[in-house]
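Here the structure comes first, spelled out in structure tokens, and everything after it is commentary.
The values are calculated or read from the model by the stated rules, or taken from the named source; none is laboratory data. Quick caveat: nothing in here was measured; it's all calculated off a predicted structure. So basically every Cβ, Gly included, is an ideal-geometry build from the backbone, and we count neighbours across all protein chains shown. Accessible surface is based on the protein model in full, side chains and every heavy atom, while ligands, DNA and RNA are left aside. Shrake-Rupley method; radii C 1.70, N 1.55, O 1.52, S 1.80 Å.
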Amino acid sequence: MTALSGFRLLLPPGWSRYRVDEDGRKQFFAKLSARMKQIGNPELDVKLRMLANAQWRRLEQTRTHSVYFPDREVEGLAHLPISLAVRQHVSPAGAAFADGLGGLTRAAIETFDTAIGPIQRWQAETIGSDDTAGITTRAVGYGFALPGADGRRGLVFLASIPYPDDADPVLVEGATELVDSIMETFRWR
């Protein structure tokens, strides 16, 4: 995988970035293992490791470059189970970057004109089943076209916000606003 650079993103305290490569996987699973030892629930540890392994494989299959999420305790801050993944995107030949995003989602894509150029945003929810029954996941996507390129290339960020079906809608909206706020800090270098 090629290095992904040329942008910056400000994250809240307690958030970390993991490359989706072997070193990143080792770092993530070492932190996960230490966290599970603190909890002291072997059944939960096994289930969480299985889910995390499956998710890591999906990240590799989609050629995700990096993932960001809150994984450190910060006094006075409560962390929600949010993750943010980034990958490169190239639209098909003859299609502009924004037009090529439709293959990533069935949700309506909105375009916002900003000081750094147009940004695409979409949002969808998936109701859980089987192992994730009772959990809905809100996915929020963001597309940033690479300036000065051939008009087909850019970065796609996808936030995942899982929540129990009976969660307070104010908390879900707050988590969405947090992700929107993080993405507002995106800048090309």
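Given the condition more than 25 Å from Arg17 (Cα to Cα), of a type in the set (Lys, Arg) and touching a residue at least 40 places away in the same chain (Cβ under 8 Å), answer yes or no: does some residue in the stretch 97-113 qualify?
Taking the stretch 97-113 first, the residues more than 25 Å from Arg17 (Cα to Cα) are 97-100, 102-103, 106-113.
This time we only want the ones that are of a type in the set (Lys, Arg), so: 106.
Now narrow it down to the ones that are touching a residue at least 40 places away in the same chain (Cβ under 8 Å): none.
Within the stretch 97-113, not a single residue is more than 25 Å from Arg17 (Cα to Cα), of a type in the set (Lys, Arg) and touching a residue at least 40 places away in the same chain (Cβ under 8 Å).
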Q | Residues satisfying the stated conditions in the stretch 106-115, i.e. within 24 Å of Glu184 (Cβ to Cβ), at pLDDT 90 or above and assigned to a loop (DSSP other than H, G, I, E, B) | A | Ala107, Ala108, Ile109
Q: Just give me the residues in the stretch 112-129 being within 19 Å of Gly151 (Cβ to Cβ) and over 19 Å from the mean Cα position of the chain (by Cα), in sequence order.
A: Phe112, Asp113, Thr114, Ile116, Gly117, Pro118
Q | Residue that is modelled with the highest pLDDT [pool: residues in the stretch 164-182 that are farther than 14 Å from Ala139 by Cα and of a type in the set (A, V, I, L, M)] | A | Ile182
Q) What strands (runs of 3 or more DSSP E), lying completely within the stretch 1-105, carry at least 3 residues that are open to solvent by less than 90 Å² (accessible area, probe 1.4 Å) and farther than 26 Å from Asp131 by Cα? A) 15-19, 83-90
